[in-house]
Amino acid sequence: MSAPPYADRFDDLVARARALAAGSGPRALLGIVGAPGAGKTTLALAVVRALRAAGTDAVHVPMDGFHLADVELERLGRRGRKGAPDTFDPAGYAALLYRLRAAPGTEPGPVYAPAFDREIEQPVAGSIPVPPEATLVVSEGNYLLLDDPAWRPVRAAFDEIWFHETDDDLRRDRLVARHVRFGKTPDAARAWVEHTDEPNARLVTASRGAADLVVSCSEFPA
């Protein structure tokens, strides 16, 4: 397998996303994947803002809305590994992606997607409306390219997936700061990053070669 192409200019990414939205179908799906702390959400939101400003109706639908709730993770004995592939609902995520693809022309109103509330660290159903006129859905998450039977339908749902990478030290610093911001002590945050986030990061990074585009972009317009 040849290495995917590389891009690091934000304007080029927006132009590529706009071309995807203007393709032959009524709605396109763009995925952004990367290791924990890589800046996937920041990039996804920046692309959506830029597209909207240019007249393209784009919507951000994060994969994190398909985290299993803590009560279910406790029942399964997986609470201490929250964020690993088997702590999500990939079948539910894939079903939503295919529904979003089919919805224009088949559903009269918006399709509602779940969000993830970091204040309570829980998914929240029915939070994100995707209107019929939206021509692009941008969804980001860790495991969009995971070569696993449970996750392959997710990969197949997207028109294109970008792998977003960043400096590992910066990425880990961001993760520690995020965990502290949402309630962990600094020592607990560093331990969580080492024992939970980093094994997941290695798993995600192994999928890099399957991306349509590798992206390294840290400068976004406000």
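Numbers below:
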{"quantity": "Fewest-first sequence of Trp162, Trp192 by Cβ atoms within 10 Å of each Cβ", "calculated": "Trp192, Trp162"}
{"quantity": "Amide H contacts under 5 Å for Val214, placed H, 5+ residues apart", "calculated": "Tyr6, Ala7, Phe163"}
{"quantity": "Ordering of 14-21, 140-147, 69-76 by burial proxy (mean other Cβ atoms within 10 Å per residue, highest first)", "calculated": "140-147, 14-21, 69-76"}
{"quantity": "Phi to ³J(HN,Hα) by Karplus 6.51 cos²θ - 1.76 cosθ + 1.60 over the stretch 91-102, Hz, x for Gly, Pro", "calculated": "5, x, 5, 4, 4, 5, 4, 5, 5, 4, 5, 7"}
{"quantity": "The stretch 6-215: relative contact order as a whole-number percent, Cα under 8 Å and 6+ apart", "calculated": "33 percent"}
{"quantity": "Using a Förster distance of 22 Å, the FRET efficiency for Glu74-Tyr112 (Cβ separation, nearest 0.05)", "calculated": "0.25"}
{"quantity": "Whole-number percent relative contact order across the stretch 143-202, with pairs defined as alpha carbons under 8 Å at least 6 apart", "calculated": "18 percent"}
{"quantity": "Crossing angle, helix 168-181 versus the chain [Cα axis fit, 0-90 degrees, rounded to tens]", "calculated": "80 degrees"}
{"quantity": "For q = 0.12, 0.14 Å⁻¹, Debye-computed log10 I/I(0) when each Cα of the chain counts as one equal scatterer", "calculated": "-0.63, -0.87"}
{"quantity": "Amide proton proximity set for Leu68, modelled H, under 5 Å, gap of 5+", "calculated": "Phe88, Asp89"}
{"quantity": "Vicinal HN-Hα couplings computed from phi for the stretch 183-197 (Karplus, 6.51 cos²θ - 1.76 cosθ + 1.60; Hz; Gly/Pro x)", "calculated": "x, 7, 6, x, 5, 5, 5, 5, 5, 5, 4, 5, 9, 10, 5"}
{"quantity": "Ratio of the Cα radius of gyration of the stretch 50-129 to 2.2 N^0.38 Å, where N counts its residues", "calculated": "1.27"}
{"quantity": "Lys, Arg +1 and Asp, Glu -1 on Cβ, resulting dipole of the stretch 1-110 about Cα centre, debye, nearest 20", "calculated": "80 debye"}
{"quantity": "Most positive-pole-ward Cα, Leu203, Leu145, Gln122, against dipole of the chain from beta carbon charges", "calculated": "Gln122"}
{"quantity": "Residue order, fewest to most surrounding Cβ atoms within 10 angstrom, among Asp57, Asp8", "calculated": "Asp8, Asp57"}
{"quantity": "Fraction of beta bridges assigned by DSSP in the stretch 105-222 that are antiparallel (%, nearest 5)", "calculated": "65 percent"}
{"quantity": "Rough spin-label spacing in nm, given labels placed 7 Å along Cα→Cβ, for Leu170 and Thr185", "calculated": "3.1 nm"}
{"quantity": "Beta bridge orientation in the chain: antiparallel %, DSSP, nearest 5", "calculated": "30 percent"}
{"quantity": "Computed magnitude of the charge dipole of the stretch 6-215 (debye, nearest 20; Cβ of K, R +1, Cβ of D, E -1)", "calculated": "140 debye"}
{"quantity": "Whole-Å distance, taken between Cα centres, linking the stretch 141-172 and the stretch 119-140", "calculated": "18 Å"}
{"quantity": "Surface/4 of the Cα convex hull for the stretch 122-215, nm²", "calculated": "7.9 nm²"}
{"quantity": "Cβ-defined net charge surrounding Gly55, 15 Å radius [Lys, Arg +1; Asp, Glu -1]", "calculated": "+1"}
{"quantity": "Exposure proxy ranking, count of Cβ atoms within 10 Å, fewest first, for Thr166, Thr185", "calculated": "Thr185, Thr166"}
{"quantity": "The chain, helix-only ellipticity at 222 nm - DSSP H runs n ≥ 4, -39,500 (n - 2.57), divided by all residues, nearest 500", "calculated": "-11000 deg cm²/dmol"}
{"quantity": "Residues whose placed amide H lies under 5 Å from that of Val111, excluding near-sequence neighbours", "calculated": "Val130"}
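Every number in this text was worked out from the coordinates using simple rules, so none of it is lab data. On a predicted model such as this, the values are computed, not experimentally measured, just so you know. Using ideal geometry, Cβ is built from the backbone for each residue, glycine included, and neighbour counts are taken over all protein chains shown.
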